[in-house]
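Every read-out reported here was derived from the displayed coordinates using simple, explicitly stated rules and does not represent laboratory data. Please read these numbers as outputs of a predicted model, since none were measured by experiment. Using ideal geometry, Cβ is built from the backbone for each residue, glycine included, and neighbour counts are taken over all protein chains shown.
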Amino acid sequence: MAVKFFVNGMPAEFDGPEEVPLLWVVREHLNLTGSKFGCGIGLCGACTMHVDGTAMRTCIMPVMMAQGRHVTTIEGLSHNGEHPVQKAWTELDVPQCGYCQSGMIMAAASLLSRHPDPSDADIDREMTNLCRCATYVRIRAAIHRAAKLR
Amino acid sequence: MSPVSRRCVLTGAALTAASLIVPIGGRAAESNYEITDWIAIAPSGEVTLGLSQPEVGQGSYTALPQILADELDADWQRVKVRFVTGKAAYKIAFRQEPPAQKEGASMSTTALFGRLRIAGAAARDVLIRAAAQQWNVDVAQCRSENGFIINARGERLSYGDLAAAAAKLPLRSDPPLKDKRRFHLIGKPLPRLDTVGKCDGSAVFGIDVMVPGMLNAAIKTARAFTGQVTAIKNEAEILKMPGVHAVVKLAALAIANEDAGVQHPQLPNLPRHNAVCVVADRFWQANRALDALDVEFDGGVAADLSTVKIEAMLEAGLDAEQGVTALERGEPRQILKERAAAVIERRFLLPHIAHAPLEPVNATASYKDGAVEVWGPVQSVSACQEAVAHAVGCAADAVEVNVTFLGGSFGRKIVPDYVLQAVQASKAVGRPVKLIRSREEDMQHDVYRPNAGGRFRAVLDDRGYPLAVQARVAGQSLFGAVRKSWLDHTPEGACDESMVDGIYNQSYRLPHFLVETVDTPLPIPVYFMRSVGSTAAVFFWESFITELAQRANIDQYAYRRNLLANDPLALRVLDAAAQASGWGTTTDTFRGIAYNCYIGRGGRFKTYVAEVVELARIADGLAVTRVFCAVDPGLAVNPNTLRAQIEGGIGFALTTALKSRITFANGGAEQSNFFDYPLLGIDEMPEIVPIVLPSDRPPQGFGEVVLAPVAPALAQALLHATGRRLDVMPFPEDAFRSRA
């Protein structure tokens with residue numbers, strides 16, 4: 001039976017094996033490639049999307065778990081990059097190689113929805129995504145900046 | 001073979017897909033006029049600037065066009081950047097080797113600064129001449145400004161209006177360059193041009209490439225570096241799995257080798273097939289089929305490779321009767337022998353480590369009738385072309401390489417082993433194939449940063465400063481493994497200067513000085529990694545200086561200041577870092593200081609760096625709170641991207657100092673993913689205080705320079721705080737525990 005869910009507000013349907021990770025369904029069937037593959041075991045967070053508004057690591061999330069739920073990818077976070085987190089990220093020029101940043105932005109947006117004005121301790125605890133370029137100084141600054149832009 | 005394609009029906013309007021047309025390669029749009037190899041101008045006035053250097057995160061995508069646009073006097077708001085390849089102008093020489101189009105050795109800005117200025121100025125010159133002709137006035141009455149040529153009467157013609165005429169005029173090889181006081185872009189902290197695409201998901205990395213008719217491949221490689229495929233037991237069943245097209249055995253590749261095909265004399269020949277891939281419609285199908293594939297590998301001739309053996313080799317190398325002399329000044333051997341009882345000795349060790357870019361290596365290749373086109377994260381276009389040409393038997397120029405954004409590389413994606421695998425897979429199935437390595441495959445089949453051990457011995461003079469020093473570094477020689485043409489040949493054997501880079505070429509006052517290397521060859525694929533040998537050598541060297549200063553009971557900063565007294569540029573960064581950090585005003589803060597002059601390959605540049613690492617007490621021990629980093633980078637073309645390299649480079653070095661270690665057993669690497677090869681997290685990232693000193697020197701290399709001093713400065717700070725010497729990287733987890 002096909003899995004039916006919503007991606008960036010649009011209905012989507014997948015009739016393959018229900019344990020296929022959501023990441024690959026979104027990347028390969030919906031051609032939304034902003035979410036990245038990094039580790040395949042849910043550690044690095046490059047694949048982070050929102051499922052019903054909460055950040056999820058989709059490289060280990062079977063597509064069946066998205067049944068009936070609303071999935072948001074970096075492409076659907078805002079029109080024209082206008083989400084406060086994207087604006088802050090752009091203002092502070094956070095990315096270097098950029099590969100982790102879609103996931104970082106999705107994780108930060110999720111954090112801000114729960115903690116509108118997060119402390120450094122909140123950021124340390126919640127932002128567990130990995131950045132090999134170590135852009136963490138600007139990630140932290142951009143989260144604080146986004147909190148002000150909201 | 002039944003290509004049962006899985007369906008994902010979009011009910012309702014189509015989703016907005018990211019643009020997957022790779023914005024690279026090909027020709028400029030027809031309506032663009034090519035003014036130089038680097039610059040095309042559309043009648044609309046839009047300027048397209050060529051970028052020859054892959055963007056791996058270092059910021060070349062912005063800083064290099066900035067140089068062109070400044071000399072061109074272009075309107076920065078109307079500039080577009082396009083990756084370019086295929087012309088001699090895009091190649092640079094790193095040392096004594098043929099010019100190549102690649103990013104590496106922190107060389108891009110240094111090597112291209114002059115060339116891009118001339119290209120921009122030559123284009124501005126023909127635009128001025130075209131305008132002068134149109135107005136029928138002397139060129140001296142015309143000037144350029146922000147995308148326009150303006151004459152003495154104040155009339156203006158846009159670059160778009162002039163492009164057609166300018167493209168027909170001959171270029172001058174020596175166009176007048178701007179006075180640097182007139183730079184309007186160079187030296188400005190401009191925002192990166194690739195930021196927006198990297199914040200909305202539209203930037204195309206290698207893993208995102210889609211080409212028509214493309215299949216996807218997942219790969220499994222023999223665990224042991226010398227292993228090979230011995231049996232595939234269920235190929236028929238695998239071929240029946242949904243979407244699967246083929247199971248392809250892949251030929252082993254020369255180990256990370258740009259000296260193509262040359263084997264180390266002390267190493268065994270490589271096996272014929274060391275990997276197998278499954279090709280399917282979708283990557284997830286290929287991956288599932290690969291999981292189900294019953295494939296057997298043997299361990300090959302070096303199946304007994306292990307960390308225990310490697311470290312024993314290293315220790316033997318450190319204690320060998322003789323090393324290869326890299327440098328000998330004065331009479332170090334005699335003094336150390338005569339004053340044996342006074343010799344201070346320290347030994348150090350660090351392991352092989354993996355690049356671990358967050359984007360695992362991947363490539364898309366299309367092989368058709370002997371012609372090959374490649375798309376992907378490629379750090380060296382030239383190395384990729386040469387390797388593919390060698391593998392398929394065509395001319396290097398016939399290999400078309402389309403460079404995407406690179407999701408990290410740090411040297412890894414210069415080696416095109418993964419590209420060759422995609423080419424083999426495409427050849428086998430007759431269609432374009434994208435091959436993606438899993439994280440485990442990426443990590444267990446990296447081309448590692450070599451291991452190193454250090455044995456340092458010294459005798460101090462009566463004031464406590466070094467009289468005679470012997471610095472020996474042993475380990476798997478990088479040049480010996482992959483770049484034999486860069487070895488220096490001496491009567492004692494081949495010397496690999498990368499092993500002692502940051503030791504033999506510094507300006508410390510050392511009257512009697514011996515620097516030696518000992519190669520311990522291994523069947524482990526190795527390659528250059530960000531900051532190369534200096535990560536090891538500078539950790540050893542600066543930690544040894546720390547030891548000597550402590551023995552002499554002299555302040556660490558003062559000790560270095562004394563030894564570097566004859567090098568004003570060294571003193572400048574050292575003083576700047578010390579002053580910024582409040583050195584000498586310690587309350588409950590522990591600090592460590594380290595210095596390095598990062599010297600480009602072949603002496604192409606000198607970037608001076610001094611860092612102070614600061615620790616503070618936290619509840620359960622110590623934490624790195626701030627790192628002060630003073631640099632003299634020459635002219636900073638873009639201070640924004642330069643600061644980003646300081647911040648990120650220090651974080652990268654902290655991962656190396658605290659976490660990175662690849663160990664070996666049964667012929668292969670033991671670590672496989674981020675749970676056993678962790679990276680620094682945001683909770684461990686200190687505040688970074690950059691101090692960028694002004695300089696009249698041209699731009700010096702920068703992408704790698706801040707890494708090396710981090711570990712020795714941190715070790716010194718921890719020594720002050722805990723009394724414990726740290727001589728092995730990565731530092732043990734309890735190194736941050738406070739002194740009881």
- prompt: Looking at the range B:33-199, how many pairs of lysines come closer than 30 Å at the Cα, when each pair is eight or more places apart or spans two chains?
  reply: 28
field: Contour minus Cα-Cα distance for residue B:462 and residue B:396 (0.36 nm per residue)
entry: 17.6 nm
- request: Using only Cα atoms, tell me the angle between helix A:101-114 and the longest principal axis of chain A; keep it within 0 to 90° and round to the nearest 10.
  value: 80 degrees
task: Determine, from the Cβ-Cβ distance of residue B:737 and residue B:566 and an R0 of 35 Å, the FRET efficiency 1/(1 + (r/R0)^6), rounded to the nearest 0.05.
output: 0.30
query: About its Cα centre, how strong a charge dipole does the protein assembly as shown have in debye, to the nearest 20, once Lys and Arg get +1 and Asp and Glu get -1 at the Cβ?
result: 1060 debye
task: Would you work out which of B:154, B:65, B:108 lies farthest towards the positive end of the dipole of the range B:33-199, given +1 charges on the beta-carbon of Lys and Arg and -1 on that of Asp and Glu, about the Cα centre?
output: B:108
- line: Between residue B:77 and residue B:153, the two model label points (7 Å from Cα along the beta-carbon direction) sit apart by a distance in nm of 2.8 nm
- prompt: What shape does the protein assembly as shown have by the C-alpha gyration tensor, where a ≥ b ≥ c are the square roots of the eigenvalues, rounded means a/c under 1.5, and otherwise prolate means a/b greater than b/c and oblate the rest?
  reply: rounded
message: Using the Cα centre of chain B as the reference point, and only Cβ charges (+1 on K/R, -1 on D/E), how large is the resulting charge dipole? Debye, rounded to the nearest 20.
response: 920 debye
task: Find which of B:121, B:234, B:189 sits farthest along the positive direction of the dipole of chain B, computed with +1 on the beta-carbon of Lys and Arg, -1 on that of Asp and Glu, about the Cα centre.
output: B:121
- request: Quick one: order B:359, B:516, B:345, B:542 by neighbouring beta-carbon count within 10 Å, fewest to most.
  value: B:345, B:516, B:542, B:359
field: Computed FRET value (nearest 0.05) for residue B:236 with residue B:618, which takes r as the C-beta separation and R₀ as 41 Å
entry: 0.10
message: Just want to confirm a number: the relative contact order over chain B, from Cα pairs under 8 angstrom separated by 6+ residues, in percent.
response: 15 percent
message: Taking the alpha-carbon distance from residue B:427 and a cut-off under 17 Å, which lysines remain once sequence neighbours fewer than 8 residues away in the same chain are dropped?
response: B:249, B:368
- line: Net charge (Lys, Arg +1; Asp, Glu -1) of residues whose beta-carbon lies under 9 Å from that of residue B:361, residue B:361 excluded, is -2
statement: Where a ≥ b ≥ c are root eigenvalues of the Cα gyration tensor, a/c under 1.5 meaning rounded, otherwise prolate if a/b exceeds b/c and oblate otherwise, the range B:436-494 counts as oblate
message: Restricting to bridges with both residues inside chain B, how much of the DSSP beta-bridge set is antiparallel, in percent to the nearest 5?
response: 75 percent
statement: With R₀ set to 51 angstrom, the calculated FRET efficiency between the beta-carbons of residue A:82 and residue B:343, to the nearest 0.05, is 0.15
message: I'd like to verify something in chain B: which complete DSSP H helices, judged by Cα projection on the helix axis, reach 30 Å or more and average at least -0.5 on the Kyte-Doolittle scale?
response: B:108-135
- prompt: Using 7 Å Cα-to-Cβ label points, what is the residue B:143/residue B:171 separation (nm, one decimal)?
  reply: 2.6 nm
- request: With a ≥ b ≥ c taken as the square roots of the eigenvalues of the C-alpha gyration tensor of chain B, please select rounded if a/c is under 1.5 and otherwise prolate if a/b is larger than b/c or oblate if it is not?
  value: oblate
query: What ranking of B:327, B:290 emerges when the number of other C-beta atoms within 10 Å of each C-beta is taken as an exposure proxy, fewest first?
result: B:327, B:290
- line: Contour minus Cα-Cα span, residue B:182 to residue B:319, at 0.36 nm per residue, comes to 43.5 nm
- prompt: To the nearest 10 degrees, how steeply does helix A:136-149 sit against the main Cα axis of chain A, on a 0 to 90 scale?
  reply: 90 degrees
- prompt: So for B:159, B:465, B:90, fewest C-beta neighbours within 10 Å to most, what's the order?
  reply: B:465, B:90, B:159
- request: Normalising by the residue count of the range A:84-135, find the relative contact order in percent from Cα pairs under 8 Å and 6+ residues apart.
  value: 44 percent
statement: antiparallel share of DSSP beta bridges within the protein assembly as shown, to nearest 5, in %, is 75 percent
field: Separation between Cα centres of the range A:105-138 and the range B:697-734, rounded to whole Å
entry: 26 Å
message: To make sure I understand the rule: partners must be aspartates and glutamates, Cα under 14 Å from the Cα of residue B:233, and not fewer than 8 residues away in the same chain. Which ones qualify?
response: B:291, B:294, B:296
- prompt: Between B:165, B:320, B:510, whose Cα lies farthest towards the positive end of the dipole of chain B when Lys and Arg beta carbons carry +1 and Asp and Glu beta carbons carry -1, centred on the Cα centre?
  reply: B:165
field: Unit charges on C-beta of K, R, D, E only; dipole of the range B:456-496, Debye
entry: 160 debye
field: Rounded Å value of the spacing that divides the Cα centres of the range B:320-364 and the range A:31-53
entry: 41 Å
task: Using Cα pairs closer than 8 Å and at least 6 residues apart in sequence, work out the relative contact order for chain A, in percent.
output: 25 percent
